[in-house]
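Note sheet for the following structure.
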Amino acid sequence: MRPAITGLVLTYNGERLLDRCLASLSFCDKVLVVDSFSTDRTVDMARAAGAEVVQRKWEGPGPQFRHALSLIDTEWVFSLDQDEICTEELRESVLAAVRAQVRGGEGSHGAHARRAGYRVPRRSWYFDRFMKHSGWYPDYLLRLFRPAQMEVHVSGAHYSFHPKGETGRLRGDILHYPYDSFRQHLDKINSYAQQGADDLRAKGRQGGVAVATAHGLARFLKLYVFKLGVLDGRAGFINAAHGAFYAFLKYIRVREGDWGAPFDHH
């Protein structure tokens with residue numbers, strides 16, 4: 001016997017990998033998909049896979065996750081994004097950790113006793129390989145947790161789970177396929193940079209050409225040199241260049257020009 005687990009996936013037009021994502025959650029006692037009114041086959045695919053589907057307008061990752069967690073009545077949640085797959089090794093690690101709660105912890109020091117959650121490594125594909133450096137791996141994320149001991153924090157376009165209690169680490173990777181083309185990556189950079197700029201502006205942070213250039217260069221050096229992106233070959237260089245462009249865009253957009261308005265020049 002073990003405590004029940006709900007697999008949780010937030011979706012929007014996620015048909016590219018959703019079948020593999022949901023199949024990898026087959027070890028969960030139930031699967032909940034919270035969809036933001038997809039226009040592709042996402043909802044049909046989720047229902048065909050046996051998932052419970054709830055649709056809710058997207059108001060950002062914070063409100064969406066908080067709503068999703070309010071619908072869950074199991075002791076544990078295992079969360080994946082729609083472009084992620086749980087490996088077999090990670091599945092066994094998740095089940096072992098949750099079973100250990102019933103036994104009161106493994107080992108002489110109770111290594112699993114009353115954890116709020118567990119962080120798992122994520123291996124992400126970029127261009128032509130899984131990235132091993134560049135700040136992309138092991139990329140530990142809190143994905144197995146007790147919803148009663150978890151808070152969702154949001155910064156710009158990004159979210160993270162914050163535990164109210166101790167956490168551990170599990171073996172086995174989440175496989176992540178975030179982009180299917182350069183165009184899609186640049187579309188996300190554009191969206192994330194705008195959300196990041198809006199967030200900086202709301203916090204009273206400064207932008208401008210000098211600040212944006214400095215942040216862009218610093219981002220490139222961080223990813224390519226200090227995070228050893230050079231060891232990821234062409235993919236590492238391309239990723240660092242895109243990372244620099246993202247940082248530049250975010251800080252240059254803090255100070256929007258008038259773009260000619262009110263258009264009454266002579």
Subject >> Extended-chain gain in nm, criterion 0.36 nm per residue less alpha-carbon gap, ARG99 and ASP258 >> reply: 51.3 nm
Original post:
Share of the chain's accessible area from carbon and sulfur, percent, 1.4 Å?
Top reply: 53
**OP:** With r as the distance between the Cβ atoms of VAL230 and ASP198 and R0 = 30 Å, compute the FRET efficiency 1/(1 + (r/R0)^6) and round to 0.05.
**Re:** 0.35
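Using alpha-carbon pairs under 8 Å, 6+ residues apart, how would you state the relative contact order of the range 6-55 in percent?
Once divided by the residue count of the range 6-55, the mean separation gives 44 percent.
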**OP:** Using DSSP, restrict attention to beta bridges with both residues in the chain and report what percent are antiparallel, rounded to the nearest 5.
**Re:** 45
**OP:** Give me the distance in nm between label points sitting 7 Å out from Cα along the Cα-to-Cβ direction at ASN190 and ARG114, one decimal.
**Re:** 5.1
**OP:** Give the percent of DSSP beta bridges with both residues in the range 1-96 that are antiparallel, rounded to the nearest 5.
**Re:** 0
Subject >> Zone of GLN149's modelled label, taken as backbone nitrogen in the range 1-26 under 18 Å from a point 7 Å along Cα→Cβ >> reply: 2-6
Subject >> Most mobile listed residue (ILE85, ILE72, ILE174) in the chain, GNM with C-alpha springs under 10 Å >> reply: ILE72
Original post:
With the calculation restricted to Cα positions, what are the radius of gyration and Dmax of the range 64-219 in angstrom?
Top reply: 18.4, 58
Original post:
Given LYS57/LYS222; LYS188/LYS227; LYS132/LYS203; LYS57/LYS250; LYS30/LYS250, which pairs have Cα atoms separated by over 30 Å?
Top reply: LYS57/LYS222; LYS132/LYS203; LYS30/LYS250
Original post:
So, in nm, how far is label GLU166 from label ALA210 when the simple model puts each one 7 Å beyond its Cα toward the Cβ?
Top reply: 4.9
Original post:
What whole-number value in Å² describes the accessible area per residue of the chain for a 1.4 Å probe?
Top reply: 53
Subject >> Proximal charge balance of GLY60 [Cβ under 14 Å; K/R count +1, D/E count -1] >> reply: 0
Subject >> the range 144-266: relative contact order as a whole-number percent, Cα under 8 Å and 6+ apart >> reply: 26
Original post:
Taking the structure as given and computing percent of Cα pairs over 36 Å apart, which label from (1) 7; (2) 21; (3) 36 fits?
Top reply: (2)
Original post:
How far, in nm, would the chain grow between TYR12 and GLU92 when pulled straight, counting 0.36 nm per residue and subtracting the alpha carbon separation?
Top reply: 26.0 nm
Original post:
With the chain treated as a Gaussian network of Cα nodes joined by springs under 10 Å, which of TYR251, TYR159, TYR224 yields the largest mean-square fluctuation?
Top reply: TYR159
Subject >> Within the range 14-42: backbone nitrogen closer than 16 Å to the ALA48 label point (7 Å, Cα to C-beta) >> reply: 14-24, 39-42
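The values are calculated or read from the model by the stated rules, or taken from the named source; none is laboratory data. As the structure is a computational prediction, the values presented were derived from the model and not from experiment. Positions of Cβ are generated from backbone atoms using ideal geometry, with glycine treated the same way; all protein chains shown enter the neighbour counts. Accessible surface is based on the protein model in full, side chains and every heavy atom, while ligands, DNA and RNA are left aside. Shrake-Rupley method; radii C 1.70, N 1.55, O 1.52, S 1.80 Å.
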